[in-house]
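Please read the structure below before turning to the comments.
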Amino acid sequence: MFRKASKVDVAFERPTSDEKTAVTVRRMATAAFALAGISLATTGMMITAYIAKVQEPRPLTVVSFDPLEGQVVNVQNKIITKESVDLVTQNYLAAYIVWRESIDHVTTDDRRRKVQLFTNAEWFRVWDQNTDPNQNRNGPIATYAKSGMTREIADVQIFKLDSAPFTWRAEFTAIDRQGATEISRSKWAAVLVAAPEAITGTREQTSDNPIGLTVYNYSLKAATS
């Protein structure tokens, strides 16, 4: 009888013949941005080109491990499909919007860490320079802090766009408060390019982002009615 409370499930994707090509293309695209300063909107398309080749159902081995017993308790072979990857991506992107757009002056460091974990390094650097109050005293976090204001993100909806590969649209409501008083409520829309990357980092990082989802482009504007 398995001890479900302590069980840990770890999924290992059995590599396809395209995996080495995948890593190579991503590294080339990242290097192109860093060295030539080209638009990452274009680079993102380069990165996603190979992924379209490997979106057919793929084999997955799920290993259930009981850390209290120190042993494997179950091994199952499963199939990962394009639909299941899209569902996981949709849920992560909804959380990403909240991490990125909220302003509460309490969870700032934790949200910044998560945004960094899910964002391409160059895109994160640009976002961080604009929002970090230590780097930009006129940025949104510093400005809201001076005014005693916070921003809550609600009603997040994520839609996959068919017009471009790995492109998503997010719609959400931003609720601004001064103290406990709501002073404004606005609707926003963002377009994101997000694709799986090689899974690297610490145990905590790989646990937080087990599919290596990486945002390569983020465009935000006020939503039209």
- Enter the Cα centre distance for the pair segment 189-225 and segment 156-182, rounded to the nearest angstrom. 14
- Item | Backbone HN-Hα couplings from phi across segment 98-108 [Karplus 6.51/-1.76/1.60, Hz, Gly and Pro as x] | 5, 4, 6, 9, 5, 9, 10, 6, 10, 9, 4
- Once amide H atoms are built 1.01 Å from N in the peptide plane, which residues 5 or more positions from Thr214, or in another chain, come under 5 Å H to H? Ala195, Glu197
- Among the lysines in segment 81-225, how many pairs, 8 or more places apart or on different chains, have alpha carbons under 26 Å apart? 11
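Using 0.36 nm per residue of separation minus the Cα-Cα distance, give me the extension gain between Ala94 and Glu152 in nm, one decimal.
On the way: separation 58, 0.36 × 58 = 20.88 nm, distance 1.37 nm.
Here the segment from Ala94 to Glu152 would lengthen by 19.5 nm.
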- Determine, from the Cβ-Cβ distance of Ala164 and Ser186 and an R0 of 25 Å, the FRET efficiency 1/(1 + (r/R0)^6), rounded to the nearest 0.05. 0.40
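Computed from the coordinates by the stated procedures, all read-outs in this text should not be read as laboratory data. Keep in mind it's a predicted model, so treat the numbers as computed, not measured. Glycine also receives a Cβ, built like all others from the backbone with ideal geometry; neighbour counts cover every protein chain displayed.
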